[in-house]
Amino acid sequence: MALSPPERIWWKPLNRAERLWVSVAAIFLLALFATMPLWHVFGKQHTPGESYRVDPASFRETTSAFINSYQVRTEGTLPVVRPPEGDVYLMAYRFAWSPILELQAGKTYRLHISSTDVNHGFSLQPVNMNFQVVPGYDLVLTITPPQPGVYTLICNQYCGLGHQLMSGKIIVRG
Ligand code: CUA
């Protein structure tokens, strides 16, 4: 049996209460939408980074050359480097962050981060800065560490069986 056509258009007439609630929802939606660009411009939690294509093998070479130039000691199996202001490199791979960077508070660095294997998640604690680290992309963050301290680096993107062991360190000297 065929259904008979509806007798009226379902939303007509629009009663007062419905119109009011649809308007309230629309205004709320637009306000939330506006906060996205506003947070980007005025919020402190968005660090605008730059990103470039990079070949994982050449990123590994650049990082090795950087380590060779500025290594000051070794902690466990990881090299510790104390570079001058400017370009510094951090390589993510299963399951480590290399090298350990020793930076100077108040100086400005261009921190290049990339992965040589799979996706990793850069998470700097306790400041809680979080970035995706993707093989093939060089993420460049311009940073000026404000105060001395030892910052822990963890991986917050599941990357394999040793994911929970993947921690690193950034040391900021006064
Ligand atoms: Cu690297 Cu999880």
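Bear in mind these aren't lab numbers, they're just calculated from the coordinates by the rules spelled out. Since we're looking at a predicted model, the values are computed, not measured. Counting neighbours? That spans all protein chains shown, and the Cβs are built from the backbone with ideal geometry, glycine included.
Which condition from (1) within 16 Å of the ligand (Cβ to nearest atom); (2) touching a Leu at 6+ places or on another chain (Cβ under 6 Å) is the one that residue 161 breaks?
(2)
From the list 167, 114, 98, which one is more than 15 Å from the chain's Cα centre (by Cα) and more than 10 Å from the ligand (Cβ to nearest atom)? Walk me through how you get there before you give the answer.
On the way: 167 fails: more than 10 Å from the ligand (Cβ to nearest atom); 114 fails: more than 15 Å from the chain's Cα centre (by Cα).
98 is the lone residue from the list that is more than 15 Å from the chain's Cα centre (by Cα) and more than 10 Å from the ligand (Cβ to nearest atom).
Within the stretch 127-147, how many residues turn out to be within 15 Å of residue 170 (Cβ to Cβ), outside any strand (DSSP E or B) and either touching a strand residue (DSSP E or B) at 6+ places or on another chain (Cβ under 6 Å) or in contact (Cβ under 8 Å) with a residue 12 or more places away in the chain (or both)?
Count: 5.
Considering 57, 17, which residue is surrounded by fewer than 10 Cβ atoms within 10 Å (Cβ to Cβ) and in contact (Cβ under 8 Å) with a residue 24 or more places away in the chain? Steps first, please.
Working: 17 fails: in contact (Cβ under 8 Å) with a residue 24 or more places away in the chain.
Going through 57, 17 in turn, the sole match is 57.
Being in contact with a His (Cβ under 9 Å, 6 or more places away or on another chain) and aromatic (Phe, Trp, Tyr) is the filter here; which residues of the stretch 68-90 pass it?
89
Every residue in the stretch 139-157 that is β-branched (Val, Ile, Thr), surrounded by 16 or more Cβ atoms within 10 Å (Cβ to Cβ) and within 16 Å of the ligand (Cβ to nearest atom), please.
Answer for the stretch 139-157, where residues must be β-branched (Val, Ile, Thr), surrounded by 16 or more Cβ atoms within 10 Å (Cβ to Cβ) and within 16 Å of the ligand (Cβ to nearest atom): just 154.
What's the number of the condition residue 76 fails, among (1) touching a residue at least 12 places away in the same chain (Cβ under 8 Å); (2) closer than 19 Å to residue 164 by Cα; (3) not charged (D, E, K, R)?
All conditions are met except number (1).
Restricting to the stretch 117-132, name every residue that is out of contact with any Ser or Thr (no Cβ under 9 Å at 6 or more places or on another chain) and more than 13 Å from the ligand (Cβ to nearest atom).
The answer is 127, 128.
Read through the list (1) without any contact (Cβ under 8 Å) to a residue 40 or more places away in the chain; (2) surrounded by fewer than 18 Cβ atoms within 10 Å (Cβ to Cβ); (3) closer than 20 Å to residue 52 by Cβ, then give the number of the only condition that residue 122 fails.
(2)
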